[in-house]
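Notes to accompany the following structure.
Computed from the coordinates by the stated procedures, all read-outs in this text should not be read as laboratory data. Here the structure is a predicted model, which is why all the values come from computation and not from measurement. Cβ sites come from the backbone with ideal geometry, for glycine too, and all protein chains shown count toward neighbours.
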Amino acid sequence: MAVNHLHRDYRPRQRGWTSSQLIRVLVIIAGIYIGWMIFVLQNLGQFDSGSDEIDLETKSELTVRLRDFINIQKARRIFGKGKSTLKKFRFGANTHGGKDEPEPEDWSTIREPVRAQLSDYKFDKFDIKRAMHGFPNGIKPLTAYVEQTNFNNEIPDTRSRGKKGDDKDHGEPPKYKHPLPVRKTKPSDLLAFQYSKVDSCDQLQAKLPTDAGLTFVNGTLVVTNTNNHRFTFDYVEEAKHCPVDADPFLPWLHDVFPSTDGQTIHFVAQNRRRCNTGWNFGEQLQRLEPQVSLMQPVGVKKVADDDESIKEIVDGLWSPESDETDYIHGMPRYRLAAVDEADEQFTRFICRFHTIETDPISGKPREVIVGETFSTYPANYEFVNYRKRKSYMLSPEGKENGLFWLSNLRFDCPVPDNGNLRETIASGMSVLADGKPSIYVDAVPIRTNPRWGMEESYFNEDLVGPDFAKNEMNREPGFPSHKDMTTWGLDAKTVFGDKHILPRVEASGRWANVPICKPHAAPPTKEEIFHSKHNAGGGTLKISSINGKKLFADDKNKENRPKDKPFTLTACVWASATFHTRGGDRKVDDTMERTREWIEYHLMMGFDHIYVYDNTKANTNETDLVETLSPFSAAEVTRIDWPAMVCNNNKPAHENTGERSSQYAAESSCRQRYGQYTEWIAAFDTDEYFVPQGEFNDLRDVVMHAKSTGANVLSFKSTRAYPNYYFLEKFANGGECGKEDDPKCLAKKHNATFIETYNCDFDPLPKPDWADRARKQIYRPDYVVSHFVHYSTITKGILETAKEMKEKGKGHFDYWYRENKKSERFVDEINEAVMLHTKTTVPGNTKWYWKFCKVGFKGRWNEKCRVGFPIPGNKKVEGAGTPEDNYEYNCYTNEKITNIYAPKLRELMHKRTGIILDGPKAKPMPIS
């Protein structure tokens, strides 16, 4: 039995796994491995959160990322770092401690020491994403480091602002002690202001800290840009919104963007000193003198790259201690130099380029400096001022508003030729899918006293020829105190000395972490949009023809355009849905209606593209021009959000002359951004219409014909048109215009076009000579370097130097430049084109029309008829008036508008928007 029992219960001991068990174990192992891989890839993917891009597109990239991941794990084990620390950095947890610790307010508390990589830069998108993940908000914050520079070298009682009311007394500039004192600032001397609104590259120009924006008190909008009285404010408190008043050596930035080839970063700024020039603003004018210093170049020479050598030249300059991690030893040091010994002869800023990377050992983000360059000017402003025969660029009096070429400050930071840095910027790859930049630039101003008068200009012989220093032309100095100067020109060795070492970048006031965003490509053409049936917003170009005729005319000049210019004619316009007239006395709120018509008209007249700088958010927070522009395709209109406020909306003739800084900066930005894509460009307003005349019906034909005659600039005279009585209706507002049962004023009919309503000019063609004071221009951006509303202020002609003239055999260099009459001329208003200025006549200005517009009425200077009554046949007969009410026939109409353009415009607008606009009646009837 026992045997049987043993035999029955005996089971041989297994010395291995069955096949099923082995399979089961292998499945579990594979599952764990796959789970680990998924975990790794998911966490790697977190660096692209919110992105539609698929980064792991190739096996090679996957291999690189996994190998990098594993290598960092190995490094941490070697150096005693645990996996948890790695996880916290790589996958989004806190990087500085336990799980529940708060995020640090300053990212510098978690970063590694700054590293200098001055050559062979290689863009690594994955590494940059990983490093940015360690930054709060994934971006280095735009920061203004405010330096309260005071050289303390002005000799007391040598400055005079001149006599108030004496137009010939511009004051006396101060005298200075030489050499210029060396600034021995330390980083702790600087005040840092971060601007969190700059959180990405999306609409960067709308986020730059230009002003405080709209201000409301008890729910009421306070307009602070019409200044007539002295005002004071806390400069440091103001720096929270804009740092320029606190540190006037900082440029008043309005736009920053790279060139399409990635070789240059363009800065568009304004001269803030022009905002208030009245006698009540003497303290502000003196404080802001450095804004003009930024337009006056200096020479700089590299002297050393170690602090010991610097100490042998100047002792007491700040130098970082060996254990400080935010600063780099071995970076170049510079000193101010004379033009003949300078490495960079004409500059004003040190441009430091930097990015971020992950330290492979610690896993922390760190700054990497990839190069420094010196800024350049698109035009030497001091040289331009000289060639315009102006004695000074600024005066102690402060009245330089007529020097329009000094309103805009543009400068460039050349991108270092370092590895693939330029190619990376040009491609736009450095901006991640969520709009975050990964490459930045610091603009560090080189600080000196302003130069007063032409006689202190910083020139060399190549620029102005050999006679400047001897003053062989007997030019008058800018100020009486300079009459005894025996030699002209800046004596840099006397003024600066030969030991003026500049402080380290880290100890200098500066704009830091300026984002480098994507270059702006040309908008798509109408043909591209039409053929693709798809615009940038996903819609279609709804109108292609009317009654079998094309909506957009063929550009017959396409073959004559340079190949890199997709457009023949484009326009820039600065507009707002609502605004106040100069002085703030009248509110205008018809821009949305105007803009839609104005764009439709100029597209019809041959403009290829229109750029709208939308300034609405500077005037109201209730609307913008987005909906207004929505009927137009991406091939026709580009909208740029532009909320910068006008710094002073005073009337031009006011004692404290106004400065419409926002408009001027917008025009400067538009020309710099988009001028490269067009043969001709214009900057004008939505109440100004360019009208082809004679045999021309397309403005592209007009400008290309002008080019064939040698013209680079076409000027249009401006006279104000008034509303045609027969397109108006009675208006009441319960105030000055009366009540509804007794209206006192007139207003445009809602279903009338603006161009027809204001096709009523009090002056016949050709327009009088005085009408050139408010001229507008269409110009070639390849020739016009800088434009200011009414004038081509800087052209390639004026920038021609003495050396260039000599090489071209043009003879003696004449410092007084005059533009060639063929190059810049007025249009033939009868046979080429004319401008109709349809400035809004607000209803309140028509209040006394029934009295002021009568035949024979003579009143005071302000009692003027502001309503038009068309002259029959445009043939003026003195004393003739309307048969019904004896209103004087007082205005001339453009028959091409009446018979051709206005009917076509109404048809186009109806086709695009569905709006039905009435034309004139067969027999205009007076308002009863």
### Message
I'd like to know which of 826, 842, 861 lies farthest towards the positive end of the charge dipole of the stretch 820-888, counting +1 on Cβ of Lys and Arg and -1 on Cβ of Asp and Glu.
### Response
861
### Task
Would you mind pulling out the separation of the Cα centroids of the stretch 608-628 and the stretch 646-698, in Å?
15
### Task
Please give the length that would be gained between residue 315 and residue 736 if that part of the chain were fully extended, namely 0.36 nm times their separation in residues minus their C-alpha to C-alpha distance (nm, one decimal).
144.4 nm
## Note on the structure
Listed by chain and number, the residues whose amide H is under 5 Å from that of residue 254, excluding neighbours fewer than 5 places away on the same chain and using placed H, are 268, 269, 270
#### Entry: Two-site label geometry, residue 861 and residue 217: point separation in nm, points 7 Å out along Cα→Cβ
3.3
#### Entry: Potential extension, residue 654-residue 850 segment - 0.36 nm per residue separation minus Cα distance
67.4 nm
### Query
Using θ = phi - 60° and the Karplus form 6.51 cos²θ - 1.76 cosθ + 1.60, what ³J(HN,Hα) does each residue of the stretch 566-582 get, whole Hz, x for Gly and Pro?
x, 10, 8, 9, 10, 9, 10, 9, 9, 9, 9, 4, 8, 6, 10, 5, 3
### Message
Per-residue counts of other Cβ atoms within 10 Å, averaged by peptide: what ranking do you get for 153-159, 390-396, highest first?
### Response
390-396, 153-159
### Summary
Spelling it out for residue 839: with amide H atoms placed in the peptide plane at 1.01 Å from N, the residues 5 or more places away or on another chain with amide H under 5 Å from its amide H are 721
### Task
Report the FRET efficiency, 1/(1 + (r/R0)^6), for residue 750 and residue 586, where r is their Cβ-Cβ distance and R0 is 25 Å, rounded to 0.05.
0.80
### Query
What are the ³J(HN,Hα) values, in whole Hz, obtained from phi via the Karplus relation 6.51 cos²θ - 1.76 cosθ + 1.60 with θ = phi - 60°, for each residue of the stretch 176-187 in sequence order, with x given for Gly and Pro?
10, 7, 10, x, 4, x, 6, 7, 10, 6, 10, x
### Qualifying chymotrypsin sites (Phe, Trp or Tyr not before Pro) for the stretch 191-277 [loop in DSSP, other Cβ within 10 Å: at most 14]
231, 233
### Message
I'd like the trypsin sites (Lys or Arg not before Pro) in the stretch 836-866 restricted to DSSP loop residues with at most 12 other Cβ atoms within 10 Å, sorted by number.
### Response
858, 860
### Query
Once all Cα-Cα distances of the stretch 745-861 are split into 10 Å bins that start at 0, what whole-number percent is in each one?
9, 27, 26, 18, 11, 6, 2
### Query
Once you sort the root eigenvalues of the Cα gyration tensor of the stretch 129-204 as a ≥ b ≥ c, which label holds: rounded (a/c under 1.5), prolate (a/b larger than b/c) or oblate (the other case)?
oblate
#### Entry: Ranked 295, 592, 805, 605, criterion: other C-beta atoms within 10 Å, fewest first
805, 592, 605, 295
### Query
By how many nm would the segment from residue 168 to residue 224 grow when fully extended, if each residue of separation counts as 0.36 nm and the alpha-carbon distance is taken off?
17.0 nm
### Task
Using label points projected 7 Å from each Cα along Cα→Cβ, tell me how many nm separate residue 775 and residue 796, to one decimal.
2.0
